[in-house]
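Novice: I'd like to ask some things about the structure below.
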Amino acid sequence: MKSAITVSLVPEARGGPFVFWDDLPAACRTAREIGYDAIELFPPSADAVRPAELRKLLDGEGLRLAAVGTGAGWVKHRLHLAQPDESARSQARDFIRSIIDFAGPFGAPAIIGSMQGRSGEGVSKDEARNALGDALNQLAEHAKQFGVPLIYEPLNRYETDQFNRVADAVSWLEDSKIENVRLLCDLFHMNIEETDVAAALRDAGNHVGHVHFVDSNRRPVGHGHLDVGRAIAALRDIGYDGYLSAEAFPYPDPESAARQTMNAYRDFTTHRV
Ligand SMILES: [Mn+2]
C-alpha cells in the first residue's frame, strides 16, 4: 500500500476534510519531507493547474498524483449527476470528463463523491440511480484511454441517498454491468454505515480502488475510535496495493495532521502483521 495526502485548491471548500490548502508547491514540499508517496488533488476546475507545472512539481519532489477529486463541480458550480434538468446533468458530466482528461496523463483516476448527487427536486431515487449509472458508464469508458479506472465513492446517509454501503455499490455495479469503475472506501463514511468496516473491505475485494485513510470523526488516524488496524489487515488480506490517502481535517494544523497520519500509516502498514 502507498501513502497519499489531500491538497485542496478550492476556497469554497474551506472547513472541509483536506489536510493541505491553497499553496500547491508548499504542500508538495511538506508531503515529500514527511515521506508521502503521492498527493491527492482537489482543484476548482480542470484548468486551475497547468499540467506542465504540476509535472515539474511532482517530479521535483519525487511524488506521484494519486487521484483528482471532482467535488468542486458541486461545492463551487452547484452541479451534480442527478439534477432534474438534463442540461445541468450534462454540464456535470462535462466537468468530470475534463477532470479525467487532466488527471489521466498522470496515471491518476478521477473521483466521483459529492458529484453523484441525490434524489429530490422531483427526481425519484430510481431516477437518480439511473442517472448515476448512465454517467458512470460514459465516464468510465472515457477514462479507459488513459489506462485508469473511474473511482466512485459511497458516502454516508447525510450526504447522499445513492449508495451508502460498499456492498450495495458492488452489487449494483455488477448487476448493471458497469465496467472500469472501482470504489473509494472512505473509513469515515464506512464507520457510520457498515456493520463491520474490516469485513466490508474484505467482501469488496478487488472492487476497492482507493481508500480515504481517516478516523471516525474525520480527524487524522489516531484521533478517533476506529479500529484502523483491523481495516488495514483486511486490505492486506485482499491484496490491496493502492493508496491510503489522508482525507482528514487539518487537525490541529496541516503539518501535524500530515505527520500524525504518516506515523499511523507506517505503524499499521509496516510494524504489524
Ligand atoms: Mn472521502
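The values are calculated or read from the model by the stated rules, or taken from the named source; none is laboratory data. Note that this is a predicted model, so its numbers are computed, not measured. Cβ atoms come from the backbone with ideal geometry, glycine included; neighbour counts cover every protein chain shown. Note: areas computed on protein heavy atoms with side chains; ligands, DNA, RNA excluded. Shrake-Rupley method; radii C 1.70, N 1.55, O 1.52, S 1.80 Å.
Novice: Residues of region 70-101 being of a type in the set (A, V, I, L, M, F, W, C), touching a Leu at 6+ places or on another chain (Cβ under 9 Å) and in a helix (DSSP H, G or I), which ones?
Specialist: If the condition is that a residue be of a type in the set (A, V, I, L, M, F, W, C), touching a Leu at 6+ places or on another chain (Cβ under 9 Å) and in a helix (DSSP H, G or I), then 72, 88, 92, 95, 96, 100 are the ones that fit.
Novice: Scan region 46-57 and report the pairs whose first residue is within 21 Å of residue 72 (Cα to Cα) and whose second residue is open to solvent by less than 70 Å² (accessible area, probe 1.4 Å) and of a type in the set (Val, Ile, Thr), with Cβ atoms within less than 7 Å and a gap of 6+ or a chain change.
Specialist: 46/99
Novice: Looking at region 171-273, what strands (runs of 3 or more DSSP E) fall wholly within it and have at least 3 residues that are in contact with a helix residue (DSSP H, G or I) (Cβ under 8 Å, 6 or more places away or on another chain), at pLDDT 95 or above and crowded, with 18+ Cβ neighbours inside 10 Å?
Specialist: Because the criterion is at least 3 residues that are in contact with a helix residue (DSSP H, G or I) (Cβ under 8 Å, 6 or more places away or on another chain), at pLDDT 95 or above and crowded, with 18+ Cβ neighbours inside 10 Å, the strands (runs of 3 or more DSSP E) in region 171-273 that meet it are 181-186, 208-212.
Novice: Can you tell me which residue within region 7-23, out of those that are surrounded by fewer than 20 Cβ atoms within 10 Å (Cβ to Cβ) and more than 16 Å from the ligand (Cβ to nearest atom), is farthest from the chain's Cα centre (by Cα)?
Specialist: By that ranking, first place goes to 23.
Novice: Of everything in region 109-119, what is crowded, with 24+ Cβ neighbours inside 10 Å and not in a helix (DSSP H, G or I)? Give them in sequence order.
Specialist: Listed by number, the residues that qualify are 109, 110, 111, 112, 117.
Novice: Same structure again: Test of understanding: among 141, 153, which residue is more than 16 Å from residue 206 (Cβ to Cβ) and more than 14 Å from the chain's Cα centre (by Cα)?
Specialist: 141
Residue-by-condition table, conditions (1) more than 16 Å from the ligand (Cβ to nearest atom); (2) under 25 Å from residue 51 (Cα atoms):
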site: 63; (1), (2): yes, yes
site: 70; (1), (2): no, yes
site: 76; (1), (2): yes, yes
site: 84; (1), (2): yes, no
site: 116; (1), (2): no, no
site: 132; (1), (2): yes, no
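Novice: Return the total of residues in region 150-170 being within 16 Å of the ligand (Cβ to nearest atom) and either surrounded by fewer than 20 Cβ atoms within 10 Å (Cβ to Cβ) or at positive phi (or both).
Specialist: Number satisfying all stated conditions: 6.
Novice: I'd like to know if region 186-207 contains one or more residues that are within 12 Å of the ligand (Cβ to nearest atom), on the phi < 0 side of the Ramachandran plot and among the acidic types (Asp, Glu).
Specialist: Scanning region 186-207 turns up at least one residue that is within 12 Å of the ligand (Cβ to nearest atom), on the phi < 0 side of the Ramachandran plot and among the acidic types (Asp, Glu).
Novice: Got a number for residues in region 1-45 being among the charged types (D, E, K, R), farther than 20 Å from residue 114 by Cβ and in contact (Cβ under 8 Å) with a residue 24 or more places away in the chain?
Specialist: Residues flagged as among the charged types (D, E, K, R), farther than 20 Å from residue 114 by Cβ and in contact (Cβ under 8 Å) with a residue 24 or more places away in the chain within region 1-45 amount to 4.
Novice: Looking at 38, 128, 46, can you tell me which residue is modelled with pLDDT of 95 or more, surrounded by 13 or more Cβ atoms within 10 Å (Cβ to Cβ) and within 15 Å of the chain's Cα centre (by Cα)?
Specialist: 38
Novice: Would you confirm, using the coordinates I've provided, whether residue 79 is open to solvent by 10 Å² or more (accessible area, probe 1.4 Å) and either aliphatic (A, V, I, L, M) or modelled with pLDDT under 95 (or both)?
Specialist: Yes; evaluated as a whole, the condition is true for this residue.
Novice: For region 220-256, name all the residues that are of a type outside the set (Phe, Trp, Tyr) and under 16 Å from the mean Cα position of the chain (by Cα).
Specialist: 220, 241, 242, 244, 245, 246, 247, 248
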